[in-house]
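This report refers to the structure that appears directly beneath it.
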Amino acid sequence: MITTIPQSVEELQQLLGGQHYIADRGLAISLFLALKLGRPMFLEGEAGVGKTEVAKALAAGLGVELIRLQCYEGLDVSHAVYEWNYPRQILEIRMRESAGTALSAKTLFTEEFLIKRPLLRALEAGSGPAPVLLIDEIDRADEEFEGFLLEVLSDFQVTIPELGTVRAQKPPIVVITSNRTREVHDALKRRCLYFWIDYPDFEKELRIITTRIPDAPRALAAEVAAFVQEIRGGDLLKASGISETLDWMAALMALNQTELDAQVVSDTLGILLKQHDDIEAIRGERLDLLLNRARTRGVRRTD
């Protein structure tokens with residue numbers, strides 16, 4: 001188990017690589033500096049480019065707990081930080097009444113009745129290694145929650161009125177992601193180191209496929225990477241992410257394909273693309289053209 005922070009960018013790349021995550025030097029430098037300076041890392045990019053996987057790979061590589069807060073519209077303090085276990089409190093009240101035992105507010109509002117949500121759990125990590133706190137898809141949360149998060153990230157503390165202020169002994173390693181469905185306020189970004197993760201180029205996507213699916217046929221992997229690159233260059237409503245590429249590769253292998261052909265591509269486009277209009281736009285004569293380009297590119301890569 002590794003619990004020490006990597007001492008160089010190259011060491012960090014190796015650590016992530018050990019978890020099958022291929023990190024460009026730019027991302028590795030930003031992440032390394034975030035670790036060294038104790039600053040949150042803000043990762044932005046299209047859905048499916050591997051932002052969430054950064055936090056997962058980092059936690060696994062360091063051998064620390066990953067605490068994930070999945071953001072959504074309407075997220076509030078009770079779901080992000082803490083809430084009181086009201087059913088248990090009511091049960092305690094009834095039990096005390098039945099036993100004729102005196103009951104006070106202090107009895108009810110103790111840690112025994114506290115439900116700890118991700119942010120509080122991350123701050124209460126204790127004497128062990130600091131966890132990785134993943135605040136995933138912050139752009140889905142409301143702006144009011146962003147404002148609350150500013151306070152948490154500034155001092156790494158939260159106040160529970162009934163119990164007092166909880167401060168982190170060791171601030172967690174914070175990774176915040178956004179798919180940019182809306183603009184996140186500059187005040188939050190200023191508290192973080194920022195990096196935009198783009199779609200991978202052909203070489204990187206091929207490397208990702210062969211790293212994550214080591215038994216993938218090399219020629220097929222090259223054709224898959226090339227085809228995905230070709231369709232991403234088109235006018236799609238939603239380009240496929242890396243996760244879709246890996247799912248498609250696994251599906252083709254399950255079908256015992258050793259190379260791409262028009263029929264199997266047409267039959268499995270729903271794994272790669274998630275918009276009906278995009279699927280229909282690719283099929284037909286355009287599919288044959290894209291497939292020929294992908295084969296040519298894939299053959300050049302494997303030669």
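The values are calculated or read from the model by the stated rules, or taken from the named source; none is laboratory data. Worth saying up front: this structure is predicted, and the values here are computed from it rather than measured. Neighbour counts run over all protein chains shown; Cβ positions are idealised from the backbone, glycine included. Just the protein is used for accessible areas: all its heavy atoms, side chains included, with ligands, DNA and RNA removed. Shrake-Rupley method; radii C 1.70, N 1.55, O 1.52, S 1.80 Å.
Any chance the range 55-67 includes a residue that's open to solvent by 30 Å² or more (accessible area, probe 1.4 Å), assigned to a loop (DSSP other than H, G, I, E, B) and out of contact with any helix residue (DSSP H, G or I) (no Cβ under 8 Å at 6 or more places or on another chain)?
Our first condition is that a residue be open to solvent by 30 Å² or more (accessible area, probe 1.4 Å); within the range 55-67, this holds for 56, 60, 65-66.
If we keep only those that are assigned to a loop (DSSP other than H, G, I, E, B) too, we end up with 65.
Applying the additional criterion that residues be out of contact with any helix residue (DSSP H, G or I) (no Cβ under 8 Å at 6 or more places or on another chain) yields none.
Looking through the range 55-67, none of the residues is open to solvent by 30 Å² or more (accessible area, probe 1.4 Å), assigned to a loop (DSSP other than H, G, I, E, B) and out of contact with any helix residue (DSSP H, G or I) (no Cβ under 8 Å at 6 or more places or on another chain).
Please go through the range 23-46 and pick out each residue that is open to solvent by 20 Å² or more (accessible area, probe 1.4 Å) and in contact with a Lys or Arg (Cβ under 8 Å, 6 or more places away or on another chain).
Asp24, Leu33, Arg39, Glu46
So, in the range 173-203, how many residues would count as being of a type in the set (Phe, Trp, Tyr) and assigned to a helix (DSSP H, G or I)? So that I can check it myself, show each step before the final result.
Filtering the range 173-203 for residues of a type in the set (Phe, Trp, Tyr) gives 194-196, 199, 202.
Now drop any that are not assigned to a helix (DSSP H, G or I), which leaves 202.
Count: 1.
Can you tell me which residues in the range 220-279 are touching a residue at least 40 places away in the same chain (Cβ under 8 Å), aliphatic (A, V, I, L, M) and open to solvent by 10 Å² or more (accessible area, probe 1.4 Å)?
Once the filter is applied, which keeps residues that are touching a residue at least 40 places away in the same chain (Cβ under 8 Å), aliphatic (A, V, I, L, M) and open to solvent by 10 Å² or more (accessible area, probe 1.4 Å), the range 220-279 yields Leu236, Leu237, Ala239, Ile242, Met253.
Being in contact (Cβ under 8 Å) with a residue 12 or more places away in the chain, in a helix (DSSP H, G or I) and open to solvent by less than 30 Å² (accessible area, probe 1.4 Å) narrows it down to one of Leu75, Leu133, Leu119, Leu150, so name that one.
On the way: Leu75 fails: in a helix (DSSP H, G or I); Leu133 fails: in a helix (DSSP H, G or I); Leu150 fails: open to solvent by less than 30 Å² (accessible area, probe 1.4 Å).
Only one candidate qualifies: Leu119.
When the residues of the range 153-172 are filtered to those that are open to solvent by 30 Å² or more (accessible area, probe 1.4 Å) and either hydroxyl-bearing (Ser, Thr, Tyr) or in a strand (DSSP E or B) (or both), which remaining residue is farthest from Arg121 (Cα to Cα)?
Out of the qualifying residues, it is Ser154.
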